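**Q** One structure follows; several queries about it will come next.
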Amino acid sequence: IKKEAEVTFIDYGNQDTVAFSNIRPLDPRFRSLPGQAHEARLSFVKLVGPTSEYQQEAVDRFSQLCEGRKLVANIDHKEGSLLHLRLIDPENPASTSDPFACINADLVADGLAMIDRKGCNYLASYPQVVKRLRDSVLAAKRDRLGIFEFGDVEEDD
């Protein structure tokens, strides 16, 4: 007799085989809820790529900025079911004085992300956000942060 069940996790949508002893009934009031996770990416920017020596630093910084925090996700664009999000930390004092302050721009200012001109065909619809991101790139270059540690670099894609 099989003592395991194939389950679908509604938060991430992944599936796994789980022992019956690790399964609990779901409260009836939650049984009609759809999955709560959505496929998403950051609006306007892309982290440095997997071949970059700064990639792990970028992932770690993103985790540091997001994990354990209650963030506001502004949907800037929908590409099919993929959401393009601007992540805002309402606890960050900069977000109260700058309407374009966001984690996306913080990653750019740290030299760990670049403006995604190819993957974000909606950039022209957000000129003030693009200006904020360009200012963040200039700050990263000036302070020689992340990928700008040894000077200016050109995107090669």
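The values are calculated or read from the model by the stated rules, or taken from the named source; none is laboratory data. Given the structure is predicted, the values throughout are model-derived calculations rather than measurements. A quick note on method: Cβ atoms are made from the backbone with ideal geometry, for glycine too, and the neighbour counts reach across all protein chains shown. The protein model used for the area step is the full one, side chains on, heavy atoms only, and it has no ligands, DNA or RNA in it. Shrake-Rupley method; radii C 1.70, N 1.55, O 1.52, S 1.80 Å.
**Q** Among bridges DSSP assigns within the chain, what percent are antiparallel (round to 5)?
**A** Values: 15 of 18 bridges.
So the antiparallel bridges amount to about 85 percent of the total.
**Q** Using the Cα centre as the reference, give the magnitude of the dipole from point charges on the C-beta atoms of the chain (Lys, Arg: +1; Asp, Glu: -1; all else neutral), rounded to the nearest 20 debye.
**A** On the way: 20 positive and 26 negative charges, 132 e Å.
For this selection, approximately 640 debye.
**Q** Could you tell me what percent of the accessible area of the chain is made up of carbon and sulfur, with a 1.4 Å probe and every protein chain present? Don't jump to the answer; show the numbers that get you there.
**A** Details: 5550 of 10670 Å².
Taking all protein chains in place, the chain shows 52 percent carbon and sulfur surface.
**Q** Something else about it: Specify which residue in the list S32, L138, L83 is farthest towards the positive end of the charge dipole of the chain, using unit charges on the beta carbon of Lys, Arg (+1) and Asp, Glu (-1), about the Cα centre.
**A** Toward the positive end, the furthest listed residue is S32.
**Q** Further question on the same structure: As an exercise, use a Förster radius of 25 Å and the Cβ-Cβ distance of Q56 and F150 to find the FRET efficiency, rounded to the nearest 0.05.
**A** Values: r = 18 Å, r/R0 = 0.71.
Result of the calculation: an efficiency of 0.90.
**Q** What are the equivalent ellipsoid semi-axes of region 64-129, built from the alpha-carbon gyration tensor (square roots of five times its eigenvalues), in whole angstrom, biggest first? Before the final figure, lay out each step's value.
**A** On the way: eigenvalues 80, 40, 32 Å².
Those come to 20, 14, 13 Å.
**Q** Are there any chymotrypsin sites (Phe, Trp or Tyr not before Pro) in region 1-102 that are in a DSSP loop and have at most 14 other Cβ atoms within 10 Å? List them by number.
**A** On the way: sites: F9, Y12, F20, F30, F44, Y54, F62, F100; in loops: F9, Y12, F44, Y54, F100.
Those satisfying the criteria are F9, Y12.
**Q** Continuing with the same structure: So which of K70/K141; K46/K118; K46/K131 end up more than 19 Å apart by C-alpha?
**A** On the way: K70/K141 30 Å; K46/K118 10 Å; K46/K131 16 Å.
Over 19 Å Cα-Cα: K70/K141.
**Q** Output wanted: per-residue J couplings in Hz (rounded whole) for region 91-97, from phi through Karplus 6.51 cos²θ - 1.76 cosθ + 1.60, θ = phi - 60°, x for Gly and Pro.
**A** Listing the rounded values in order: 7, 6, x, 5, 6, 7, 9 Hz.
**Q** Here's a follow-up. Looking at region 95-157, I'd like the Rg to Rh ratio, where Rg is from alpha-carbon atoms and Rh is Kirkwood's inverse mean 1/r. Don't skip to the answer; put the middle values down first.
**A** Values: Rg = 11.8 Å, Rh = 12.1 Å.
Expressed as Rg/Rh, it is 0.97.
**Q** Explain nothing, just compute: Karplus ³J(HN,Hα) = 6.51 cos²θ - 1.76 cosθ + 1.60, θ = phi - 60°, for every residue of region 15-28 in order, whole Hz, x for Gly and Pro.
**A** Each residue's phi maps through the Karplus curve to give 10, 7, 9, 10, 5, 4, 5, 9, 10, 10, x, 7, 3, x Hz.
**Q** Something else about it: DSSP loop trypsin sites (Lys or Arg not before Pro) in region 13-74 with at most 14 other Cβ atoms within 10 Å of their Cβ, which ones? Can you show the working numbers first?
**A** Working: sites: R29, R31, R41, K46, R61, R69, K70; in loops: R31, R69, K70.
For trypsin sites (Lys or Arg not before Pro) across region 13-74 that sit outside H, G, I, E and B with at most 14 neighbouring Cβ atoms in 10 Å, the list reads R31, R69, K70.
**Q** For region 45-87, place one equal point scatterer on every Cα, skip the solvent, and apply the Debye formula. What is log10 of I(q)/I(0) at q = 0.32 Å⁻¹?
**A** For region 45-87, the Cα-only Debye profile gives -1.02.
**Q** Another question, if that's okay. At 1.4 Å probe radius, can you tell me the per residue accessible area of the chain in Å²?
**A** On the way: 10670 Å² over 157 residues.
Ligands and nucleic acids excluded, the figure is 68 Å² per residue.
**Q** Debye calculation, C-alpha points only, no solvent: report log10 I(q)/I(0) for region 9-157 at q = 0.09, 0.10, 0.17 Å⁻¹, in the same order as the q values.
**A** So the normalised log intensities work out to -0.37, -0.44, -1.02.
**Q** Which residues' amide hydrogens lie under 5 Å from the amide hydrogen of D116, considering only partners 5 or more residues apart or on another chain, with H built in the peptide plane?
**A** Placed amide hydrogens put V45, K46 under 5 Å from D116.
**Q** Region 79-119: which trypsin sites (Lys or Arg not before Pro) are DSSP loop and have at most 16 other beta-carbon atoms within 10 angstrom? Working shown, then result.
**A** Values: sites: R86, R117, K118; in loops: R117, K118.
For trypsin sites (Lys or Arg not before Pro) across region 79-119 that sit outside H, G, I, E and B with at most 16 neighbouring Cβ atoms in 10 Å, the list reads R117, K118.
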